[in-house]
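Data block below; observations after.
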Amino acid sequence: MTVNTPLFSSSTTNTDGFPKINAKFADILTRALEEREINEDEAVLLFSAEGPELRSLIQVADELRRRAVGQIITYVSVRNINFTNVCYTGCRFCAFARRLDDPEAQWLSLSEVANRAVEAWEAGATEVCMQGGLHPHMPPNHYHDLIVAVKEAVPEMHVHAFSPFEIWYGSKLTNMTYVDFLTSLKDAGLGSLPGTAAEILDTNVRQQLTKNKLSSEEWVEIITTAHKLGIRTTSTIMYGHVDGPHHWAKHIKLIRDIQRDTDGFTEFVPLGFVHHNAPIYLDGDARPGPTIEENLRMHAVARIMLHGYIPNIQVSWVKLGPDVSQKCLMAGANDFGGTLIDETISRSAGAPHGQHMHPKEFQRLIKEIGRVPAQRNTLYDLLDVQDY
C-alpha cells in the first residue's frame, strides 16, 4: 500500500480497493496512512463511521497495525488474584464489590496468595495480576506484603498489580507520597501496574460512575509518577455506559499526550462496559454496553490515534467474546490479552464469556484469521512464536 497519492475518493472506488467515502473521512484516513496525528475533532468524526466509511476505517487501522507490529498476535499466560472483593467505594458500574457482612465477602491470606502464584507458575504462567477492593480494614503495609508473598514463593514471577486507585488508597494508609509508596512497592518486586480505574478520564462522566472518588488528575499523577520511577503500566478505557465519542476522543488523546511525555505505557486496552449486574444500568442510568460496531470503531480509532506512540492494542476477550475479539483483531488490535485464570471482576458484572482461555485456544483463534500466534511476557518480549 502506498501513500504517494490519495487512497480515498468521494466519487469512485480507487485502485487500492477502498470504497468511495465521504470527503472528510477520506482526508482524515489518508493523513492517517501518511502517519500524521489525528486530533480530537477528527477522531469524533471517525467514531461516527458507518457502511463504507467504517470498512475503510477498519482497513486503515489494520494497515497501521501491520506496519507497527506485523502479522503476530500475542497473548500472555497470567493468573488473576483478586485478593479481596470487600469494598465500600460504591462505583456504580461495579458488581464485584461486597460488604464485610456479605456471605460472598472474600479476603485471601498471604499464604493463599503465594500458593496461587506457585500453582500459576507450575501451570506455565509468567505473570500474576493482583487487584482487589479497597477493604476498610486493610493493614497499612498489605500491598507491600502481597508482593513479597509472591516473590518469595516464585522469585521469577512478574507481579503486575494494583490500579492507580489502589495506589491512592495504599499511600493514604501508609501516609506516604506516591513517589515513596511506589518506590517501596518497586523495591519489594512490583514489575508493572495495570492502568485500570481510568474508566473515562472526564470529570462529568466520573461523577456519574464513581462520584469522582479518584479524579482524572489523580489518575494521571499516579500513572506518570510510576513511569518516572521506571514502572511500566498499561492504559485502558471503559466505554459504552453514559459516555460518547467526544469523551472517547479526549481520553485517547490524553493517553497519547502522557505517552509522548513518559513512554511508559505498554499497551492500550479498550474495555467495553458489561452491564448485566451493574448498579448504574439496573437503575436505568446507563445503556447496555457498546454495540459491535462501536467495539470495532474503538479499536480502530485507538490504533490510528496512538500509532507511533503505543504499538500494542489489546482486545478484552472476556468482555467481547472470541468472535468479536477476532473482528477487532482485524480492525487494528494485535494482542489477545491473557489466559486470565480466576478472572472474577468481569464475571461478577455478568460477562458471559468465561474466566479462562487455554493457550491452544488462543492459537486456534489466531490462526483462524490468518495471523501468527505468539506467547509474550508482560512487557511484550516474545517467548514462543508458533508456526502458522
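Where a number appears in this text, it was derived from the coordinates with a stated rule and is not lab data. Keep in mind the model is a prediction, meaning the values are calculated, not measured. Note: ideal-geometry Cβ built from the backbone for every residue, glycine included; neighbour counts use all protein chains shown.
Listed by chain and number, the lysines whose alpha-carbon sits under 21 Å from that of K186, ignoring those within fewer than 8 places in the same chain, are K151, K172, K228. Adding -39500 (n - 2.57) for every DSSP H run of four residues or longer, then dividing by how many residues the chain holds, sets the calculated 222 nm ellipticity at -13000 deg cm²/dmol. Between M130 and I81, H160, A161, F162, the built amide H atoms are under 5 Å apart, and every one of these is 5 or more places off in sequence or on another chain. Looking at the square roots a ≥ b ≥ c of the eigenvalues of the Cα gyration tensor of region 78-136, which shape do they give, rounded for a/c under 1.5, prolate if a/b is larger than b/c, or oblate? It comes out prolate by the Cα gyration axes. Taking 24 Å as the straight-line reach from the Cα of K24, the lysines in range (excluding those fewer than 8 positions away in the same chain) are K250, K253. Proximity of backbone amide H atoms, modeled 1.01 Å from N, is registered between I73 and V372, A374 at under 5 Å, excluding neighbours fewer than 5 places apart on the same chain.
Estimated from the Cβ-Cβ distance and a Förster radius of 45 angstrom, the FRET efficiency linking N141 and T291 is about 0.50.
Relative to the current alpha-carbon distance between E34 and Y309, full extension at 0.36 nm per residue lengthens the span by 97.5 nm. Annotation: the residues M298, M157, sorted from fewest to most other C-beta atoms within 10 Å of their own C-beta, follow the order M157, M298.
The computed Rg and Dmax of the Cα atoms in Å for the structure shown corresponds, within (1) 20.7, 67; (2) 21.0, 71; (3) 23.8, 102, to (1). Couplings for region 373-385, taken from phi via the Karplus curve 6.51 cos²θ - 1.76 cosθ + 1.60 with θ = phi - 60°, read x, 8, 7, 10, 9, 4, 8, 6, 6, 6, 9, 7, 9 Hz in order; Gly and Pro are left as x. Its alpha carbons give region 113-165 an Rg and a Dmax of 11.4, 34 Å.
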